[in-house]
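The values are calculated or read from the model by the stated rules, or taken from the named source; none is laboratory data. As the structure is a prediction and not an experimental result, all values here were calculated from the model. Every residue, glycine among them, receives a Cβ derived from its backbone with ideal geometry; neighbour counts consider all protein chains shown. Accessible surface areas use protein heavy atoms only, side chains included; no ligands, DNA or RNA. Shrake-Rupley method; radii C 1.70, N 1.55, O 1.52, S 1.80 Å.
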Amino acid sequence: MDEATGGVDEAGYSIGDARRLLFGAVDGLILAQMVGAACEVGLADALGAEELAPVGALAPRLGCDEGVLFRLVRALAAQGIFTIDAGRMVGHSEASRLLRRDDARSLAWFMRYWTMPSIWGAWGGLSHCVRTGAASFPAANGRAFFEHMDAHAEDHRVFSSLMSVGFAGRHEALAAGLAFADGEVVVDVGGGAGSLLREIFLRNPGVRGVLYDLPSVVARAGQYIDTEDLRARCVIEGGSFLERVPQGGTSYVLSWILHDWPDAGAIAILKAVRAAMAPGARLIVIEEVLAAQGGAGNAGTYVNDLNMLVLFGGSERTMAGFNALMAAAGFGDVTRIADAGGMAVLEARGVDRVG
């Protein structure tokens with residue numbers, strides 16, 4: 001069969017469709033870098049939400065070469081991202097407005113993160129993962145992920161901003177899907193700068209909490225735990241969840257934590273949580289869940305699964321996978337109590353004391 005003339009294979013699949021799928025993968029790679037470059041130089045923020053501005057005025061303001069900035073905007077505009085007219089006046093499209101950091105729906109940090117050289121290089125080493133079973137991030141960058149972030153301030157800033165505000169509405173949706181009784185103490189383990197705990201507080205005025213993460217991370221909590229009421233209800237504590245977790249909670253939350261770790265690391269975290277829990281306390285795990293049948297369910301979850309491998313050596317898991325972790329750490333099986341913010345909310349209780 002001649003591919004140049006099109007045709008259909010034995011399964012009825014168009015050769016033209018197959019070619020478009022594969023060429024589109026490369027086009028997506030290039031477009032991502034185009035958008036990432038626009039975010040890195042701050043183009044969307046420099047252009048007011050509604051204003052038009054000449055390329056010639058934007059370039060010196062952003063410290064860019066005027067000719068190349070024009071070419072970048074022209075290429076993006078052809079994709080529906082920004083607009084540009086015959087007089088080289090640049091304006092916003094609906095898509096480019098989402099690249100402004102002050103937009104409530106902003107994807108600016110999302111695009112910055114995914115196009116950073118360290119992340120890009122790690123994904124360029126996917127074949128290393130396939131051959132060795134190990135994360136490619138250390139091979140590409142010389143350090144493990146979190147060690148790299150500690151050593152590179154700009155990458156750390158972008159990653160922290162992505163985790164806090166880069167998924168518009170995620171923390172609000174998660175908090176809305178969680179139920180807490182008055183008087184509860186919620187320990188957010190690996191809670192970053194406190195954006196999820198803030199949303200829990202706002203929806204549950206009778207709840208107090210503990211924000212727990214590495215000292216360098218919780219140092220940024222002031223931007224979220226930012227009122228007298230929130231500060232009065234929150235204890236901020238720095239430490240490593242691989243070593244210990246604060247005691248005294250009624251609910252312990254692990255949101256987007258376990259998938260960063262291979263089984264041994266995930267079990268160590270769960271054991272530290274279990275050792276801190278008093279009788280009657282519960283564990284809440286917020287993660288994506290892979291379908292029991294391989295290939296079924298949301299295709300994006302399988303991409304995220306590979307992303308966890310590339311960056312950390314971690315993985316997304318099935319319900320059976322979560323139950324195996326829980327059993328090894330002294331918990332009973334998980335129960336799926338809700339779905340919120342595109343994530344599954346799982347609950348587990350301790351059984352025999354561990355550690």
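So here's what we get for this one:
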{"read-out": "Check: region 99-152 dipole with +1 on Lys, Arg Cβ and -1 on Asp, Glu Cβ, in debye", "value": "140"}
{"read-out": "Accessible solvent surface per residue of region 36-140, calculated while the other protein chains remain in place, 1.4 angstrom probe, Å²", "value": "49"}
{"read-out": "Within the accessible area of region 12-162 (1.4 Å probe), percent carbon and sulfur", "value": "59"}
{"read-out": "Per residue accessible area of region 146-291, 1.4 Å probe, in Å²", "value": "39"}
{"read-out": "Percent antiparallel among DSSP beta bridges (both partners in region 233-355, rounded to 5)", "value": "65"}
{"read-out": "Relative contact order %, the chain, counting alpha carbon pairs below 8 Å whose residues are six or more apart", "value": "12"}
{"read-out": "Carbon plus sulfur fraction of accessible area for region 171-311, probe 1.4 Å, in percent", "value": "55"}
{"read-out": "Peptides ranked, highest mean first, by Cβ atoms within 10 Å: ranges 124-136, 263-275, 291-303", "value": "263-275, 124-136, 291-303"}
{"read-out": "Rounded to 5, the percent of DSSP beta bridges in the chain classed as antiparallel", "value": "45"}
{"read-out": "Estimated dipole of the chain in Debye, rounded to 20 [Cβ of Lys and Arg +1, of Asp and Glu -1, Cα centre]", "value": "580"}
